[in-house]
1. I'm checking my understanding of the structure. Among residues of region 235-285 that are part of a helix (DSSP H, G or I) and among the polar types (S, T, N, Q), which one is most open to solvent (accessible area, probe 1.4 Å)?
2. Return the only residue of R391, R423 being at pLDDT 90 or above and among the basic types (K, R).
3. Quick one: is C440 modelled with pLDDT under 90 and open to solvent by less than 50 Å² (accessible area, probe 1.4 Å)?
4. Failed condition for Q349, given (1) at pLDDT below 90; (2) loosely packed, with under 12 Cβ neighbours inside 10 Å, with all others met?
5. Specify the residue that is most open to solvent (accessible area, probe 1.4 Å); the eligible residues are those in region 298-325 that are within 23 Å of W382 (Cβ to Cβ), touching a residue at least 12 places away in the same chain (Cβ under 8 Å) and outside any strand (DSSP E or B).
6. Inside region 220-234, can you point out the residues that are assigned to a helix (DSSP H, G or I), out of contact with any Lys or Arg (no Cβ under 7 Å at 6 or more places or on another chain) and not aromatic (F, W, Y)?
7. Output yes when any residue across region 204-216 is free of Cβ contacts under 8 Å to residues at least 24 places away in the same chain and surrounded by fewer than 11 Cβ atoms within 10 Å (Cβ to Cβ), and no when none is.
8. Yes or no: P346 in contact (Cβ under 8 Å) with a residue 24 or more places away in the chain, touching a Phe, Trp or Tyr at 6+ places or on another chain (Cβ under 9 Å) and not in a strand (DSSP E or B)?
Amino acid sequence: MLAYLPRPPADASRYGTFPQKPELPAVPTVLAEDSQQPIGAAAAKRSTPMPNYLSLPHHSGIIPGEPALPSCGSVAAQHRPGDLPRCPPGARGYPQQALSVPSIPGMVRGKSRGSTATVPEGLQSRRRRLRDEDGPVVQAGKRQRQRYVTKVGKCQVNLGNIQEKKRFLSDIFTTIVDLKYRWFLFVFMMCYIVTWVAFGTVYFFDAWVRGDIWHRGDPEWRACIENVDSFVSALLFSVESQRTIGYGSRMVTANCAEGVILLMAQSIVGSMIDALMVGCMFVKISRPKKRAQTLIFSKNCVVSRRDEKLCLMFRVGDLRDSHMVDAKIRAKLIKSRQTAEGEFIPLEQSELNLGYDTGEDRLFLVEPQIICHVINHHSPFWDMSAELLRREQFEIIVILEGIVEATGEWAGGVGWGMTCQARTSYTEDEILWGYRFEPCMSLEKGAFHVDYSRFDMTFEVQTPAASAKELQELEQERSTLSLCWDHLLQPC
């Protein structure tokens, strides 16, 4: 539970001792050995590369080591007398830094960050390794903590101290199906072996009481069960009767009524065991849980702007040609919090809107889909910036449900089939701020081709580091100032 409490801020001067990000020396030892360039080139190599997100003016927008560039959204630049800059269409209220987004085919894959300085490949890889090892995201990722749901969808919750375990026996079918395969096979074999031995013992006891064993080989003796004169022969007769083998050497005669009753009882019990065990075996093999293994999720979530809104996005895909029918997706945020009254709520679940009101949560999962959560005032990430995202501890649970097409029968718009559910989770360390997913679908030979090798690939985009709430407040402030300035410029 404590693993999901918010992390302390990185400012140790205000909140006591907390491990901070170690500062790199002016001239790294590893880089100084191979450095044979002038002082200007060495200074360019030591400069901190541009982060993958942009900062707003009132949120420490000046990046150390980078020259201050004029901002189209700056109030001072927007209202300078006699010099009214013309902002390009679609420009938003954040600094336009010198960070270009290359074309997708020639883009660096994954989370690698390009540097503007021209350095050898070996030095660049070493510098990137040193920077990534000391980064706050990697330091946070090194922390070991328990996940609520694993990446493959297994819930890490163990139930204990259950007093009324007899409830499991009331639903014996589900209990047997939920067993692991080793225990399921053990129960499967023991059901048959126990009944064979039990009825074989009863047959041997009946032959021993009637005296069939003592009159072995007597042609005048009228035995109840022919050729049953030992426990092994009684056990063989039990197996032959229950499995309807019928070799012909052992059989029940009409000389005793108990033999006929035992044969009828064993036939009924054997049919019940066959129905239960074969049914459990069929359900366990054909469970839709195995179908969920071909439903895949992206390894990371990304945060970037889409349609002028800050969005949290991830990608889902189906590897099979037989598609999911009526696929639905939803997401839960798992996070502990403390109320205003001091009550601690461990692992509180809150809903993330993935388009429930617009129907976007119902998927036609033919090709990989990018699922988008718009960060608005209803979202738990409304007031969470890029810096706050690193310090928080939470987990996003994604659940994809649908009907397996191979088991569904549709008539009149109504379907009967097995429901499949696939799950995964994303922690705060698996969320990339300022990235987008690369396209993985192209048109080839008259059909659309999906390249799943690009399923998890991302590239950097210009994204403000402020929260969605701060961005909206800044937009409103600039709209008000723009209206006032236009009113002042109007002629009398």
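The values are calculated or read from the model by the stated rules, or taken from the named source; none is laboratory data. Given the structure is predicted, the values throughout are model-derived calculations rather than measurements. Heads up, the Cβs are rebuilt from the backbone with ideal geometry, glycines too, and the neighbour counts pull from every protein chain shown. Ligands, DNA and RNA are stripped out before the accessible areas are found, and what is left, the full protein with its side chains, is counted by its heavy atoms. Shrake-Rupley method; radii C 1.70, N 1.55, O 1.52, S 1.80 Å.
1. Among them, the one singled out is S271.
2. Details: R391 fails: at pLDDT 90 or above.
Selected residue: R423, the only one of R391, R423 that is at pLDDT 90 or above and among the basic types (K, R).
3. no
4. (1)
5. Here the residue is E308.
6. Initial filter on region 220-234 (assigned to a helix (DSSP H, G or I)): 231-234.
Next, only the ones that are out of contact with any Lys or Arg (no Cβ under 7 Å at 6 or more places or on another chain) stay: 231-232, 234.
Scanning region 220-234 gives V232, A234.
7. Filtering region 204-216 down to residues free of Cβ contacts under 8 Å to residues at least 24 places away in the same chain leaves 205, 208-209, 211-216.
Narrowing the set further to residues that are surrounded by fewer than 11 Cβ atoms within 10 Å (Cβ to Cβ) leaves none.
Within region 204-216 (the criterion being free of Cβ contacts under 8 Å to residues at least 24 places away in the same chain and surrounded by fewer than 11 Cβ atoms within 10 Å (Cβ to Cβ)), the answer is no, since none of the residues qualifies.
8. no
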